[in-house]
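Structure first, commentary second.
The values are calculated or read from the model by the stated rules, or taken from the named source; none is laboratory data. Just so it is clear, the model here is predicted, and its values are computed rather than measured. Neighbour counts are summed over all protein chains in view; Cβ atoms, including those assigned to glycine, are modelled from backbone coordinates with ideal geometry. Calculation scope for accessible area: heavy atoms of the full protein, side chains included, ligands and nucleic acids excluded. Shrake-Rupley method; radii C 1.70, N 1.55, O 1.52, S 1.80 Å.
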Amino acid sequence: MNIPSRYDPKATEDKWYTYWLENGYFRSRPDGRKPYTIVMPPPNVTGVLHMGHVLNNTLQDVLIRRARMAGYNACWVPGTDHASIATEAKVVAHLRAKGIEKSDLSRAEFVKHAWAWAHKHGGIILEQLKKLGASCDWARIRFTLDEVLCESVTRAFVDLYERGLIYRGYRMVNWDPQAQTTISDEEVSHVEKRGKLYYLRYPIKGLNAFVTLATTRPETILGDTAIAVHPDDERYAHLRGKTAIVPIANREIQIIQDEYVDREFGTGCLKITPAHDVNDSEIGDRHQLEIIDIFNEDGSLNAHGRHYEGKDRFAARRLIVKELQEKGFLVREVDYAHKVGTSERTGAVIEPKRSIQWFLKMKDLAKPALEAVSNGAVALVPAKFERAYRHWMEGIHDWNISRQLWWGHPIPAYYYGEGPADFVVAQGPEKALEQARKKSGNPDLQAADLKRDPDVLDTWFSAWLWPISVFDGIRRPDNAEMTYYYPTQDLVTAPEILFFWVARMIMAGYAFKRQKPFSQVYLTGIVRDKRGRKMSKSLGNSPDPIALIERYGADAVRVGMLLTAPAGNDLPFDEALCLQGRNFANKIWNAFRLVQRWEIGEKRQPDYAALGVSWFTNRLNQALHQLERDFKAYRISAALMRLYKLIWNDFCALYLEIAKPPYGEKIDAKTASQTRQLFEDILKALHLFMPFLTEEIWQRFARRGEREALIITDMPESKPYDEKLIRAFGFSVQVVSALRHFRSEKNIPNAEKLTVFVSERETHRHFDPVICKLAQLAELRYVDGKIDGAPIVRAGLNEYFIPGEEAVDTRAERAKARAEITHLQGFLKRVQKELDNADFIDRAPESVVAAARKKQADAREKIKRLQRHIEDLKG
């Protein structure tokens with residue numbers, strides 16, 4: 001077989017991905033096996049692959065491939081999200097570039113453009129995931145605006161409304177002036193910004209006096225309807241029952257008393273603008289104050305803004321401050337840092353606004369979801385996120401689920417009159433008409449008399465149903481697929497959507513199925529650059545994943561992402577990690593080339609080879625056992641690093657050097673066969689992380705049928721292993737390393753076989769044939785004492801004498817021994833400090849304490865021997 005000198009990902013990746021697809025290895029249908037199910041967090045339909053997607057989907061692929069090889073019926077459901085705000089914004093920008101404004105179009109026309117955009121861009125990210133190696137069941141692709149999912153969302157809304165959990169209310173909401181829609185509390189980021197605190201004077205009616213107050217938003221004085229002071233603040237007792245005049249507006253407002261006022265902030269007086277501040281709104285409700293909304297939906301001032309009508313709110317602020325200053329109402333302004341609510345979607349500063357919206361009551365829905373995490377039914381990995389989850393769930397507010405957009409799931413509410421209760425909620429227009437006739441008492445109502453609610457639902461309202469709706473579990477609760485695949489097993493997602501999505505999915509699971517939607521939630525970290533900055537397009541610090549795959553190969557990128565990606569911790573990504581991944585692939589490829597080049601001869605298996613096989617078999621079983629523990633604890637990055645070291649250090653650097661025949665000789669059949677079996681077990685374990693490379697080598701090792709592909713072969717099981725044997729081999733490696741270092745210092749060629757004499761204190765003779773093979777020794781003899789004049793090499797407590805070499809430089813040897821004593825004394829001091837610590841002795845396991853005491857004894861013994869050696873050199 002002609003094996004290329006270097007591994008070429010471009011020649012293998014498309015080939016094997018096509019092979020996997022054609023043979024249906026990703027496909028899942030209910031059968032007698034135990035299911036293992038993951039639902040993909042659906043990326044935005046118009047999105048493209050970024051580094052966060054690479055991390056998230058690589059982790060999912062590792063888990064799904066492992067389950068497939070463990071014999072589960074592995075089902076990974078892919079899909080995309082319609083992403084109301086993001087997609088509508090892109091379509092609006094696209095149309096504007098063509099000279100078309102959204103306002104020029106009917107709703108139906110705009111939605112038609114949005115669908116065209118979604119069809120054009122919707123499949124890009126899923127195709128890119130295939131390049132990464134994602135082994136999804138592509139026959140199951142779901143889109144949150146698919147017919148089945150649309151009907152599911154409508155049914156869920158109707159069901160919750162009929163249960164009294166959805167209501168229509170006039171409340172303070174978060175208004176995004178850029179997207180011109182409400183957003184939920186969870187979609188608001190509170191960003192610290194530098195601003196100004198303005199001290200303003202309001203004239204007191206009937207008195208030649210003023211009251212001074214502080215505000216960060218002077219433009220909202222045009223919506224002021226009161227000034228509040230604390231009832232116990234004696235500074236303002238004389239103002240009880242008085243009124244003040246709003247500067248510029250010249251409107252008379254009450255001076256009220258309310259315990260909410262912080263007497264220590266500013267001047268202790270608070271301007272009350274019920275239409276534009278959440279706390280002011282509550283004060284306004286308590287005191288039945290007038291509500292004056294001064295803003296249009298785009299954040300510009302309306303007619304209540306008087307001569308500033310049409311001005312943007314921030315431009316108006318600057319002009320109003322100037323006018324206040326000119327008229328003597330501005331006392332002073334000071335620099336002030338404070339948190340400002342901004343939209344996570346658009347970055348626009350949020351405008352608190354009173355509005356009629358649809359809300360979902362969350363308190364009762366949250367109880368079983370909180371209990372599920374508290375009792376471990378749903379595990380958050382890492383567990384450090386449980387505290388934040390509990391805090392959010394215990395303080396949960398009703399969810400504003402309506403959005404003032406055209407792209408999304410229409411709210412299934414139909415209005416038949418002008419009254420606040422003149423509406424019905426129904427599955428469709430026919431049922432709505434039937435209900436409206438009954439509710440209104442008017443049997444003559446016609447379909448044309450009904451007006452559908454113009455809003456759409458929050459994107460997360462469809463997303464929270466995802467684990468259920470992808471299996472059609474809302475429309476057909478007891479269908480075969482729902483019964484088989486639900487609840488799913490693992491969810492892999494980012495911690496920033498723990499509340500947007502994860503918590504709500506758990507709530508939906510119990511609300512609609514009385515079951516958890518998944519058992520474990522693996523929360524990834526954030527991908528950051530070398531400087532610790534979050535990767536983003538705006539910073540220009542995020543590489544194109546497809547370009548990385550083209551440059552290094554998909555396996556190398558997967559390895560590069562996972563080498564430093566512990567659960568819940570941020571990932572400091574560096575492209576050098578992909579280079580490391582590529583080098584690792586080439587290392588494995590070269591090992592394969594070495595093994596395949598061996599010629600088999602009719603000979604007995606050498607002792608060194610038998611010992612090498614014995615050691616590495618035990619070492620592999622130890623690693624497999626540790627990998628199992630890593631996966632149970634979701635230490636996926638640690639599992640990869642464990643495999644990396646096993647392959648690079650133990651298999652390539654040690655085992656293959658032991659097993660390979662002497663130069664120019666053939667290998668025995670037994671060692672060749674055992675080596676291949678060990679190599680194949682490594683490929684099985686590594687396949688999860690590097691699927692393309694491993695499948696290529698697997699298929700090159702032998703002709704394999706369709707049912708023998710690596711992707712569906714059984715994962716190797718960990719068998720019992722001998723820890724003492726592994727430790728003994730570790731000592732042998734120390735000996736080899738010391739002897740190789742001696743060769744290097746003395747410039748002794750490897751071809752020159754050395755005879756070495758051992759003064760033994762630690763008995764590990766079992767691996768002597770391995771030592772002789774790796775250290776190029778003619779013989780290893782044991783003696784009772786030292787050999788005068790011979791150079792000495794030390795490993796552990798043993799001394800290795802190499803006679804026949806040049807005379808020892810006694811001065812240099814003494815200096816070397818003294819340096820080693822100094823090092824050992826420092827080590828001994830640290831161990832002694834540990835053993836002098838009573839807490840360590842009381843709390844540490846006995847084995848750990850015993851190990852520390854052994855280190856102490858060994859260090860003391862080595863120091864004594866080195867001191868004796870120095871004395872001998874003097875003589």
Selected from G284, A639, S106, residue furthest toward positive end of dipole (the chain; charges at beta carbon): A639
How large is the helix-only mean residue ellipticity at 222 nm for the chain, computed as the sum of -39500 (n - 2.57) over DSSP H runs with n ≥ 4, divided by its residue count, in deg cm²/dmol to the nearest 500? -13500 deg cm²/dmol
Of the DSSP beta bridges with both residues in segment 170-314, give the percent that are antiparallel, rounding to the nearest 5. 85 percent
Hey, which aspartates and glutamates would be in cross-link range of K196, C-alpha to C-alpha under 12 Å, not counting anything within fewer than 8 residues on its own chain? E333, D335
Of A214, Y663, W406, farthest towards positive along the dipole that unit charges on Lys, Arg, Asp, Glu beta carbons give the chain: Y663
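I'd like to check one number: the per residue accessible area of segment 717-875, probe 1.4 Å, reported in Å² as a whole number.
Details: 9690 Å² over 159 residues.
Ligands and nucleic acids excluded, the figure is 61 Å² per residue.
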Cα shape, segment 319-434, gyration tensor, a/c 1.5 rule: oblate
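Just the projected area, averaged over all directions, of the convex hull on the alpha carbon atoms of segment 730-797: how many nm²? Numbers along the way, then the final one.
On the way: hull surface 17.5 nm².
Average of the hull's projected areas for segment 730-797 equals 4.4 nm².
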Angle check, please: helix 669-686 long axis (alpha carbons) against the longest principal axis of the chain (alpha carbons), in degrees 0 to 90, nearest 10. 10 degrees
Setting aside same-chain residues fewer than 8 positions from K786, which lysines have a Cα under 29 Å from its Cα? K724, K746, K753, K773, K816, K854, K855, K862, K864, K874
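Counting other Cβ atoms within 10 Å, which GluC sites (Glu not before Pro) in segment 73-172 have at most 14 and lie in a DSSP loop?
Details: sites: E88, E101, E109, E127, E147, E151, E162; in loops: E101.
Passing both the DSSP loop test and the Cβ count: E101.
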Positive-end extreme of charge dipole, the chain - chosen from Q489, W358, V340 (charges on Cβ): Q489
Using only Cα atoms, tell me the angle between helix 107-121 and the longest principal axis of the chain; keep it within 0 to 90° and round to the nearest 10. 10 degrees
Folded to 0 to 90 degrees: helix 607-632 orientation relative to the chain principal axis, Cα: 20 degrees
Carbon and sulfur atoms account, in whole percent of the 1.4 Å probe accessible area of segment 191-302, for 42 percent
Please report, as a whole percent, how much of the solvent-accessible surface of segment 1-159 comes from carbon and sulfur atoms (probe radius 1.4 Å). 53 percent
Candidate cut points under trypsin sites (Lys or Arg not before Pro) in segment 308-361, DSSP loop plus at most 13 other Cβ atoms within 10 Å of their own Cβ, are K327
Span per principal axis, largest first, for the Cα atoms of segment 137-210 (Å): 77, 34, 17
Cross-link reach list, aspartates and glutamates versus K90, counting only Cα pairs under 15 Å and skipping chain neighbours closer than eight places: D81, E101
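Count the net charge of all other residues whose Cβ sits under 10 Å from the Cβ of Y782, scoring Lys and Arg as +1 and Asp and Glu as -1. Display every interim value, and only then the final one.
Working: positive: R765, R781; negative: E760, D768, D784.
After counting each charged neighbour, the total is -1.
May I ask you to give the solvent-accessible area per residue for segment 530-608, in square angstrom, as obtained with a 1.4 angstrom probe?
On the way: 3870 Å² over 79 residues.
Per-residue accessible area for segment 530-608 comes out at 49 Å².
How would you order 640-648, 656-664 from highest to lowest mean count of nearby Cβ atoms within 10 Å?
On the way: 640-648: 19.4, 656-664: 15.4.
Those peptides, ordered most packed to least, come out 640-648, 656-664.
Rounding to the nearest 20 debye, state how big the charge dipole of the chain is about its Cα centre with +1 on each Lys and Arg Cβ and -1 on each Asp and Glu Cβ.
Details: 128 positive and 117 negative charges, 414 e Å.
Result for the chain is approximately 1980 debye, rounded to the nearest 20.
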Please identify the GluC sites (Glu not before Pro) of segment 236-330 that satisfy two criteria: DSSP loop assignment and at most 11 other Cβ atoms within 10 Å. Which are they? E259, E264
Taking 0.36 nm per residue of separation and subtracting the Cα-Cα distance, what length does fully extending R811 through D714 add? 28.9 nm
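When Lys and Arg each count +1 and Asp and Glu each count -1, what net charge do the other residues less than 13 Å away from W175, Cβ to Cβ, add up to?
Numbers: positive: R171, R313, R345, K353, R354, R403; negative: D176, D185, E187, D277, D293, E297, D298, E351.
Around W175, the surrounding residues sum to -2.
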Using the heavy atoms of the protein chains and a 1.4 angstrom probe, tell me the accessible area per residue for segment 228-322 in square angstrom. 51 Å²
